[in-house]
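For reference, the structure discussed in these notes is given below.
Each value in this text was obtained by applying a stated rule to the coordinates, not by laboratory testing. What you are looking at is a predicted structure, and each value in this text was computed from that prediction instead of being measured. Neighbour counts run over all protein chains shown; Cβ positions are idealised from the backbone, glycine included.
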Ligand SMILES: CC(C)(COP(=O)(O)OP(=O)(O)OC[C@H]1O[C@@H](n2cnc3c(N)ncnc32)[C@H](O)[C@@H]1OP(=O)(O)O)[C@@H](O)C(=O)NCCC(=O)NCCS
């Protein structure tokens with residue numbers, strides 16, 4: 001169990017080539033089905049605004065996520081979100097609480113530094129268990145987003161949301177979510 005680790009929040013434009021390389025290295029290990037993508041880029045779909053890292057000794061990236069703030073609409077209502085992507089713990093450090101620590105740090109950042117109405121992400125049912133334990137809610141409703149150069153709607157976007165400034169009861173759970181751009 002690693003006890004020496006630090007959190008680092010870094011703006012996308014401040015990442016060094018070495019940061020990109022170390023993040024890509026983690027994502028290649030964490031997402032074996034997407035090696036082709038992450039061996040060439042340190043993110044997928046929408047360009048992130050910030051990275052949140054947990055780093056260990058000798059600069060090893062233990063865990064990573066990225067987020068971008070955006071005004072989306074849900075049932076025609078303007079909602080300010082932080083779209084979260086590329087959540088991953090280095091497989092050498094799985095099930096040691098780092099993923100949870102990372103998500104809890106994100107909640108603190110979205111509450112104190114970058115207030116948004118909700119966090120939002122997409123994930124499989126398997127990972128929904130993990131996010132559910134750190135305050136995120138599973139929702140099943142249509143999602144409209146830019147995908148491979150075209151806007152299209154899927155019947156169930158496999159979305160999870162984190163209430164920050166607004167509550168779970170204020171979320172319109174029967175409306176179309178329009179991301180007005182790519183997913184994260
Ligand atoms: C999902 C992921 C980030 C979890 O990271 P982690 O550091 O291992 O998570 P934690 O140690 O904080 O786990 C907290 C709890 O979440 C649940 N959990 C974590 N991984 C899980 C898994 N693979 N299956 C089921 N539950 C899981 C467990 O309840 C766990 O508590 P426990 O270990 O006491 O049982 C990590 O498995 C990962 O990087 N997976 C590959 C990339 C990925 O799929 N990312 C999500 C994209 S949406």
On a 0 to 90° scale, report how tilted helix 17-30 is relative to the longest principal axis of the chain, with both axes built from alpha carbons and the result rounded to the nearest 10.
-> 70
Neighbouring Cβ atoms within 10 Å as the yardstick, rank 20, 94 fewest first.
-> 94, 20
Per-residue ellipticity at 222 nm attributable to helices in the chain (runs of n ≥ 4 DSSP H, -39500 (n - 2.57) apiece, nearest 500 deg cm²/dmol) works out to -6500 deg cm²/dmol
Hey, how many Å between the Cα centroid of the stretch 32-93 and the Cα centroid of the stretch 134-184?
-> 16
Take the alpha carbon atoms of the chain, find their radius of gyration, then divide it by 2.2 N^0.38 Å using N residues; give the quotient.
-> 1.00
In degrees, nearest ten, helix 98-112 long axis to first principal axis of the chain (Cα) | 60
Which percent, to the nearest 5, of DSSP beta bridges fully inside the stretch 44-184 are antiparallel?
-> 85
